[in-house]
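Undergrad: For reference, the structure I am asking about is given below.
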Amino acid sequence: MELAISIITGFMILGALYAIHARDLLSAVIAGGIVGYSLVICFLLLRAPDLAIVQIVVETITLIIMVAVVLDSSRVEAYGKFDSRAWVTAGTAVFILLIMFWFLRIASSDLAPLGDHTVRMADAYMNGAVERTGSVNLVTGVVFDFRGYDTLGEATVLVTAVMGVLTILRIKGRKG
Amino acid sequence: MNGMTVIVKKTTQLIAGIIFLYGIYIILHGHLTPGGGFAGGVILAGAFILLILAFGSDFLHLVREERGSTLYENLAILIVLFLALSGLVAGAGIFFDNWLPHGTPGELVSAGLLPLYNIFVGIEVAASILTIFLALVIFKEEVLK
């Protein structure tokens, strides 16, 4: 299973690289879709059907919206000049990347093999969760009972996104 | 936005209702089978988005629909918050306390408050994604005419 996940992850990296370098924005969006749908297969291989359902539906709707936006605006990417400000931005990005890799190197020496640490963490949730929450689906039990704050935060993020979209796109309110 | 061809319209008429029912099934069985409020809500929104894409924006009254979906979204998140707060008043006095009787695990009506959370989070997610889509479509109709 690790081999399959490695191959799919490599496929995702290829899709992401193509999405960065594609001249046509429509093919970039579709290459971005490769990343999302490969993630669905990864979730299924890792036995997480809840996440797979959410990911496949959200990916489809996002792809539809992105394709509609690209078809209505422009299919050619606007390339800016590479001036001094761009050098500062690129330098900052490389600097932060190096710091992140340094922390990743420290952290990866303590990691257990793939899948081991999840079992250790999940033990506290899995022991008697059905009796404590009454829910047969453990994921729903964790999401809405043990980790209710996280779910409330997630729902609030969606509400905030809608508020932002409506604030930006309300032409009628701006006229009045 | 114009509608699509007759083939797409007929297929959408056949499929949209089934997708809607599947979303409701995913939400209601969230505490029994994989899925839950988030997945089911996005599937519900997908049924509406399919209808709007196939039939064009003249078929549905988009502005009125956007007003309704905004209202439902805000009401649903408010009800989720009140359900969470109800744990403070009743039961053990803990935020997000599951104070209703749990019933027999595995039955449709069981698990206390969890199905209610699933239902209202599902309504909230469906209305949010539909509102974002409708706002983009209305923006295009009004501005890019």
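Undergrad: Might you let me know whether the range B:129-142 holds any residue that is within 22 Å of residue A:58 (Cα to Cα), assigned to a helix (DSSP H, G or I) and more than 9 Å from every other protein chain (Cβ to nearest Cβ)?
TA: Checked against the condition, which is being within 22 Å of residue A:58 (Cα to Cα), assigned to a helix (DSSP H, G or I) and more than 9 Å from every other protein chain (Cβ to nearest Cβ), the range B:129-142 yields at least one hit.
Undergrad: Mind telling me which of the residues B:93, B:106 ends up being surrounded by fewer than 18 Cβ atoms within 10 Å (Cβ to Cβ), over 13 Å from the mean Cα position of the chain (by Cα) and either facing chain A (nearest Cβ under 10 Å) or closer than 20 Å to residue A:155 by Cβ (or both)?
TA: B:106
Undergrad: What is the one condition in (1) under 30 Å from residue A:145 (Cβ atoms); (2) outside any helix (DSSP H, G or I) that residue B:23 does not satisfy?
TA: Looking at each condition in turn, residue B:23 falls short on (2).
Undergrad: Kindly indicate the residue of the range B:36-69 that is modelled with pLDDT under 85 and under 13 Å from the mean Cα position of the chain (by Cα) and also nearest to the other protein chains (Cβ to nearest Cβ) among those meeting that condition.
TA: Per the stated criteria, the residue is B:36.
Undergrad: A follow-up question, please. For a quick check of your reading of the model, give me the residue pairs whose first member lies in the range A:1-27 and is in the same structural domain as residue A:75 (by TED's automatic domain parsing), whose second is in a loop (DSSP other than H, G, I, E, B) and among the basic types (Lys, Arg), with beta-carbon atoms closer than 8 Å and at least 6 apart or on different chains.
TA: These pairs meet every condition: A:24/A:75; A:25/A:75; A:26/A:75.
Undergrad: Looking at B:24, B:18, B:52, which one is among the aliphatic types (A, V, I, L, M), out of contact with any helix residue (DSSP H, G or I) (no Cβ under 6 Å at 6 or more places or on another chain) and touching a residue at least 60 places away in the same chain (Cβ under 8 Å)? Before the answer, list the steps.
TA: Values: B:24 fails: touching a residue at least 60 places away in the same chain (Cβ under 8 Å); B:18 fails: touching a residue at least 60 places away in the same chain (Cβ under 8 Å).
Going through B:24, B:18, B:52 in turn, the sole match is B:52.
Undergrad: Are any residues in the range B:67-114 in a helix (DSSP H, G or I) and in contact with a Ser or Thr (Cβ under 6 Å, 6 or more places away or on another chain), and if so, which ones?
TA: B:69, B:70, B:73, B:114
Undergrad: Look at residue B:89 and say whether it is more than 18 Å from residue B:125 (Cβ to Cβ) and either out of contact with any Leu (no Cβ under 9 Å at 6 or more places or on another chain) or β-branched (Val, Ile, Thr) (or both).
TA: Considered against the rule, which asks whether it is more than 18 Å from residue B:125 (Cβ to Cβ) and either out of contact with any Leu (no Cβ under 9 Å at 6 or more places or on another chain) or β-branched (Val, Ile, Thr) (or both), residue B:89 comes out as yes.
Undergrad: What residue, of A:76, A:35, A:67, A:40, is more than 11 Å from chain B (Cβ to nearest Cβ), surrounded by 10 or more Cβ atoms within 10 Å (Cβ to Cβ) and more than 22 Å from residue B:23 (Cβ to Cβ)?
TA: Going through A:76, A:35, A:67, A:40 in turn, just one is more than 11 Å from chain B (Cβ to nearest Cβ), surrounded by 10 or more Cβ atoms within 10 Å (Cβ to Cβ) and more than 22 Å from residue B:23 (Cβ to Cβ): A:35.
The values are calculated or read from the model by the stated rules, or taken from the named source; none is laboratory data. Remember, predicted model here, so these are calculated numbers, not experimental data. Quick reminder, even Gly has a Cβ in these numbers, built from the backbone with ideal geometry, and neighbours come from all protein chains shown.
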